[in-house]
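K.L.:
One structure coming up, written as structure tokens, with questions to follow.
Derivation of every value follows stated rules applied to the coordinates shown; laboratory data play no part. This one's a predicted model, so the numbers in the text were calculated from it and none came from an experiment. Heads up, the Cβs are rebuilt from the backbone with ideal geometry, glycines too, and the neighbour counts pull from every protein chain shown.
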Amino acid sequence: MSKRTIFRNPSVLSPHYVPKDLPFRDHQINQIVSVLSPALRSQKPRNIILYGKTGTGKTCCMKRIMEDFENSTKGSGDTKALIQYVNCRIYNSRYRILQKILKNYCPEADKSGFGLPFFYEKLLELVSDGKQMIIVLDEIDMIKDLDELVYTLTRSNDELSYGGVSIVGISNKLSFKDTLDPRSKSSLYETEMVFPPYTAEQIQRILSERSKEGFAPESVDSSAINLAAAITSQETGDARYALKLINKAGEIADFEKRNKITDRDVESARKRVEIDLTKETIVTLPEMHQLTLYSIASLAVKGSKYSRLSLENNSEQNGYSAPCYLFSGEAYEEYERVCNKVGKRARSLRWYKEYLSELEVLGLIATKPSGKGIRGQTTLIQIGQNAKDIQTVLDSVLFLKVN
DNA sequence: CCTCCACAGGAAGCGCAGGAGT
DNA sequence: ACTCCTGCGCTTCCTGTGGAGG
């Protein structure tokens, strides 16, 4: 009666799953805990920044620590320390972050119309009786007015005699440090910690442990795990990617009604995962960002006249496609056409540039200044992945049919 | 050398939604 | 009901800039 499946507990294989033990991250966890533990004794912990590429376990470690933290304060009745997690990709301004934190404690804050001073007062009230508040800012580099936020939060410490507020920042961009104001930089970087990428052997261990829990016994070839680990470490060392890979391989084997995951499944999963990953980011994009990306993708498929022009000067290299660059000017024109087609009002050129830089932050496109050989100063845009794939994804999202 | 191109990106301000105070 | 305030997304305006062209 029940459908035959090789999955035993699929949630274990999800990238959001937080395991009891995080292999190869004991050192980092211990260090973070030792930085944060003063909060349990009503002392203000130092601020800390966690660095590392995607899928190196930063968020996972932090969630593990938060759970343990909450469990340890639960029994003791009056809690001395509060810990709050904020995903800054969604809550990307000072206002939204404070609102998000406070609405867990006072529900009336979950409305717009309040000014920042209101939130500030509420925050002070919350920690004024000697409590310590730890704010975990995941993807901290996405915050638009981070300097002001850091200033607001550190200033609150000056006004309090007992409680305090400290920040745990999580970022995967090393360069974002330089964009900060020197004052907020020095207060934010009291402690710094780097998460190195996992090695192939480590990923292999992680995969086999999760597979043991996630799949039925004996259903995963050890060579399939080795292959998935090898592919991952060759690409990025991103554990999340590795989990996706093995998960997808499982789905393929399941679909074909086999009871073992083999190398071949991992190979075919590889192509699907990449499309899936970009699809995930694309569908959650705001509409205007989607239209912007769509215009770039379709122009890249068509080929830009400027880039064709400039390619003629260069001698043909193996006949294979050199990276296709688009001029921001022609991309904007295409964007206007696309907006027209779907009956949306195109935003101004100025704002279009903001869209571009946000798409670049997400890694969907790459840009570079035009430099020598091109008249005027402009930006060259290159699409991150296969333009055709992105176009197909967006076609289904935007309900378009363009040829 | 100057001028023009094709933009980049900062500043100011606008309309809107949704509070609070009166 | 009204006025005032706030943040946000956005437009308009403006000045700056690196290289090509004459």
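K.L.:
Counting each DSSP H run of 4 or more residues in chain A as -39500 (n - 2.57), what helix-only mean residue ellipticity at 222 nm follows after dividing by all residues, to the nearest 500 deg cm²/dmol?
P.N.:
-16000 deg cm²/dmol
K.L.:
Compute the distance from the alpha-carbon center of the stretch A:342-403 to that of the stretch A:84-126, in whole Å.
P.N.:
Here the two parts' Cα centres lie 33 Å apart.
K.L.:
So which GluC sites (Glu not before Pro) in the stretch A:228-276 are both in a DSSP loop and have at most 13 other Cβ atoms within 10 Å of their Cβ? Mind dumping the intermediate values first?
P.N.:
Details: sites: A:Glu235, A:Glu251, A:Glu256, A:Glu267, A:Glu274; in loops: A:Glu256.
Listed in order of number, the matching sites are A:Glu256.
K.L.:
What are the aspartates and glutamates whose alpha-carbon lies under 17 Å from the alpha-carbon of A:Lys257, with same-chain residues fewer than 8 places away excluded?
P.N.:
A:Glu218, A:Asp221, A:Asp265
K.L.:
Considering only chain A, what is the antiparallel percent among its DSSP beta bridges, to the nearest 5?
P.N.:
25 percent
K.L.:
What is the distance, in nm, between label points placed 7 Å from the Cα along the Cα-to-Cβ direction at A:Glu287 and at A:Asn340?
P.N.:
1.9 nm
K.L.:
Just subtract the alpha-carbon distance of A:Glu256 and A:Asp145 from 0.36 nm times their residue separation and send over the number in nm, one decimal.
P.N.:
On the way: separation 111, 0.36 × 111 = 39.96 nm, distance 5.02 nm.
Length gained, A:Glu256 through A:Asp145: 34.9 nm.
K.L.:
Taking the Cα centroid of the stretch A:19-55 and of the stretch A:324-339, what is the distance between the two, rounded to the nearest whole Å?
P.N.:
The two parts, judged by their Cα centres, are 45 Å apart.
K.L.:
What's the ranking of A:206-215, A:105-114, A:188-197 by average number of surrounding C-beta atoms within 10 Å, highest first?
P.N.:
A:206-215, A:188-197, A:105-114
K.L.:
In terms of the Cα gyration tensor, with a ≥ b ≥ c the square roots of its eigenvalues, is the stretch A:199-282 rounded because a/c is under 1.5, prolate because a/b exceeds b/c, or oblate?
P.N.:
oblate
K.L.:
Still on this structure: Work out, in µm²/s and without decimals, the Stokes-Einstein translational diffusion coefficient of chain A at 25 °C, 0.890 mPa s, Rh from Kirkwood over C-alpha pairs.
P.N.:
102 µm²/s
K.L.:
Here's a follow-up. For a 19 Å ceiling on Cα separation, which of these pairs sit above it: A:Lys144/A:Lys185; A:Lys173/A:Lys353; A:Lys212/A:Lys248?
P.N.:
Over 19 Å Cα-Cα: A:Lys173/A:Lys353.
K.L.:
Another question, if that's okay. For a quick protection proxy, order the peptides A:348-357, A:31-40, A:219-228, A:63-72 by their average other-Cβ count within 10 Å, most packed first.
P.N.:
Ranking, from highest mean packing down: A:219-228, A:31-40, A:63-72, A:348-357.
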